[in-house]
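Below you'll find the structure, written out as structure tokens, and then a few comments.
What follows is calculated from the coordinates using simple rules that are stated; it is not laboratory data. In this text, all values refer to a predicted model and were calculated from it rather than measured experimentally. Glycine also receives a Cβ, built like all others from the backbone with ideal geometry; neighbour counts cover every protein chain displayed.
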Amino acid sequence: MKWIAAAVAVVAAAITAVVLVVVVPSSPGAGPLGEPDGFYPGGAMSGFGPVKPGQIVVMGLPLTQGNNLPIKLLGVRPLPTDNVKGLHLRYAATTGAGLQIGGTVGWHPTRWQLRSLPFVIPAFEPGGVVIGVSASAPRRYRLRGFVVDYMIGNTRYSAPQGDGLYGRFRS
């Protein structure tokens with residue numbers, strides 16, 4: 001009788017292992033847009049002097065340098081460890097002038113050739129995202145990086161980016 005229970009347990013474990021391998025594939029990771037030298041939160045920070053609540057501080061985040069396949073940008077989000085309470089974040093994609101933003105105040109979609117997400121960066125074109133942050137009340141903030149979700153073909157990736165923003169909103 002004990003051997004039957006042991007055999008049932010072994011068969012159940014084997015079936016569970018097969019289901020996990022077939023149904024729950026492992027994540028492909030950061031993929032080709034991942035940080036080339038490893039991910040370091042806050043590795044490069046764009047800082048801003050005090051701005052008034054309601055103003056938008058902006059940075060460009062170039063992602064591609066001659067990718068040989070189209071890349072579909074799906075979304076951007078701050079690192080889960082960053083405190084975004086009280087902040088209003090906006091994101092857009094660009095293959096144009098928005099890639100040159102090192103840090104500025106204001107949101108200029110036409111001038112920077114911004115596009116809503118999701119957006120496909122064509123093969124062999126540089127592209128990236130523009131990130132805007134505002135606050136409705138005075139506060140300090142430090143966003144140490146962002147996660148970019150994207151697809152190449154049918155494979156979905158999530159690439160943490162160590163470029164971040166810090167500064168202060170004050171009255």
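Per-residue Karplus couplings for the stretch 56-61, computed as 6.51 cos²θ - 1.76 cosθ + 1.60 with θ equal to phi - 60°, are listed in order as 10, 9, 9, 9, x, 10 Hz, Gly and Pro entered as x. Normalised radius of gyration (Cα atoms, divided by 2.2 N^0.38 Å) for the stretch 123-171: 1.56. On full extension, the segment bounded by residue 136 and residue 90 gains 15.2 nm, given 0.36 nm per residue less the C-alpha separation. When the inverse distances between all different Cα atoms of the stretch 47-171 are averaged and flipped, the Kirkwood radius reads 14.8 angstrom.
What is the sum of charges, Lys and Arg at +1 and Asp and Glu at -1, for the other residues whose Cβ falls under 15 Å from the Cβ of residue 117?
In short, +4.
Label positions at residue 168 and residue 83, each projected 7 Å from the Cα along the C-beta direction, are separated by 1.5 nm.
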